[in-house]
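Quick notes on the structure that follows.
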Amino acid sequence: MTRDELLQKLTEMDFMAVDLALYLDTHPEDAEAIAAYRQVIAAADTLRLKYEESYGPLCSFRSDNASDKTWQWIDAPWPWQKDFNPSMAGKECV
Amino acid sequence: MWIYEKKLEFPIHIKNPDARLAKIMIEQYGGGDGEIGAVLRYLSQKFTMVTPQAQAALNDIATEELAHVEMMGTIVHQLTQGLTKEQLIQSGLDTYYVNHGFGLFPSAASGVPFSASVLQSKGDPVTDLYEDMAAEQKARSTYEYLIDLTDDPDVLAPLRFLREREIVHFQRFGEALDIVRHHLNSKHYFDFRKS
């Protein structure tokens, strides 16, 4: 998987988690949605680790790697910068 | 508290600078029905909301709106990268430029700075949830007007995503309102002994 593909896949999984969590806020007893949420979270965690291994920390709070000598958080572009993101032209749900 | 994740909720990569689009996109950043207003509205209302479901909905939707503030800021920022002097003058973005350069300033497309007067926090759970549902519809309409005025597919993709989210949030607030109504209509007894 290229960086763009990995980031896109992780973004998809995290988005599903956000959306399912909002649904669960008003449907806390929906067992099917809870099962789906857990599945999505597990898949996202796997992708996040994979991304962070190659492209640096995603979260300053818990992504520090003990083997790094310098503060990796400030490396790599920020998400609002063009180079961080793949183009999503035509890839959104319409 | 909040924890920052170093990615957008939906990726944005705009190849072509466009001063006209930048000028109108700022509406959903700092305009009356924009994302900053949404964040402040829900984060302020949550303190007096009732029922765990409605409290969670306000807290978590506000959190997602923070990510939308970042997305709209990103759209405006990327649209202004590489603009020429002529493009600035022709589009009328020059009146913004003289005050803010290419800095992101929370304001409407008309130039009016963001003000908390666009939102309400009433301390009444039913009133607040109606306000929230209206806010989601108003933001959806604004996204539709922005989509009408946009041809660039790099800009359309995130706009369509954000429009969809307004619809989902409206749905969640509607469910929260049902839950709150049921809660308020059910029998309560009040224990006035101090614990």
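Since every read-out is calculated from the coordinates, none of them should be taken as a lab result. In this text the structure is predicted, and so the values were computed from the model without any measurement. Glycine gets a Cβ as well: all are built from the backbone with ideal geometry, and neighbour counts include every protein chain shown.
Which ones in segment A:58-73 are at the interface with chain B (Cβ under 7 Å from one of its Cβ atoms) and part of a loop (DSSP other than H, G, I, E, B)?
Start the filter on segment A:58-73 by keeping residues that are at the interface with chain B (Cβ under 7 Å from one of its Cβ atoms), which leaves A:58-61.
A:LEU58, A:SER60, A:PHE61 - these are the residues of segment A:58-73 that are at the interface with chain B (Cβ under 7 Å from one of its Cβ atoms) and part of a loop (DSSP other than H, G, I, E, B).
For A:LEU49, only one of the following conditions fails: (1) facing chain B (nearest Cβ under 9 Å); (2) part of a helix (DSSP H, G or I). What is its number?
Among (1) facing chain B (nearest Cβ under 9 Å); (2) part of a helix (DSSP H, G or I), the lone unmet condition for A:LEU49 is (1).
Keeping to segment A:42-81, report how many residues are surrounded by fewer than 16 Cβ atoms within 10 Å (Cβ to Cβ) and under 18 Å from A:LEU20 (Cα atoms).
Matching residues across segment A:42-81 total 2.
Mind checking which helices (runs of 4 or more DSSP H) fall wholly inside segment B:78-195 and carry at least 1 residues that are crowded, with 20+ Cβ neighbours inside 10 Å and among the acidic types (Asp, Glu)? Let's see the steps before the verdict.
Values: elements: B:85-91, B:94-100, B:125-148, B:153-185.
Here the list reads B:125-148, B:153-185.
Yes or no: segment B:70-88 includes at least one residue that is more than 18 Å from B:THR150 (Cα to Cα), within 14 Å of another protein chain (Cβ to nearest Cβ) and touching a helix residue (DSSP H, G or I) at 6+ places or on another chain (Cβ under 8 Å).
No: zero hits.
Do we have any residue at all in segment A:74-87 that's in contact (Cβ under 8 Å) with a residue 40 or more places away in the chain and facing another protein chain (nearest Cβ under 7 Å)?
Taking every residue of segment A:74-87 in turn, at least one turns out to be in contact (Cβ under 8 Å) with a residue 40 or more places away in the chain and facing another protein chain (nearest Cβ under 7 Å).
I'd like to verify a number: residues in segment B:28-76 that are touching a residue at least 24 places away in the same chain (Cβ under 8 Å), of a type in the set (Gly, Ala, Ser) and either closer than 18 Å to B:GLN171 by Cα or crowded, with 24+ Cβ neighbours inside 10 Å (or both), how many?
Start the filter on segment B:28-76 by keeping residues that are touching a residue at least 24 places away in the same chain (Cβ under 8 Å), which leaves B:28-42, B:44-45, B:48-51, B:53-54, B:57-58, B:61-76.
Right, trim to of a type in the set (Gly, Ala, Ser) and you get B:30-32, B:34, B:37-38, B:44, B:54, B:57, B:62, B:67, B:73.
Applying the additional criterion that residues be either closer than 18 Å to B:GLN171 by Cα or crowded, with 24+ Cβ neighbours inside 10 Å (or both) yields B:30-31, B:34, B:37-38, B:54, B:57, B:62.
Within segment B:28-76, residues that are touching a residue at least 24 places away in the same chain (Cβ under 8 Å), of a type in the set (Gly, Ala, Ser) and either closer than 18 Å to B:GLN171 by Cα or crowded, with 24+ Cβ neighbours inside 10 Å (or both) number 8.
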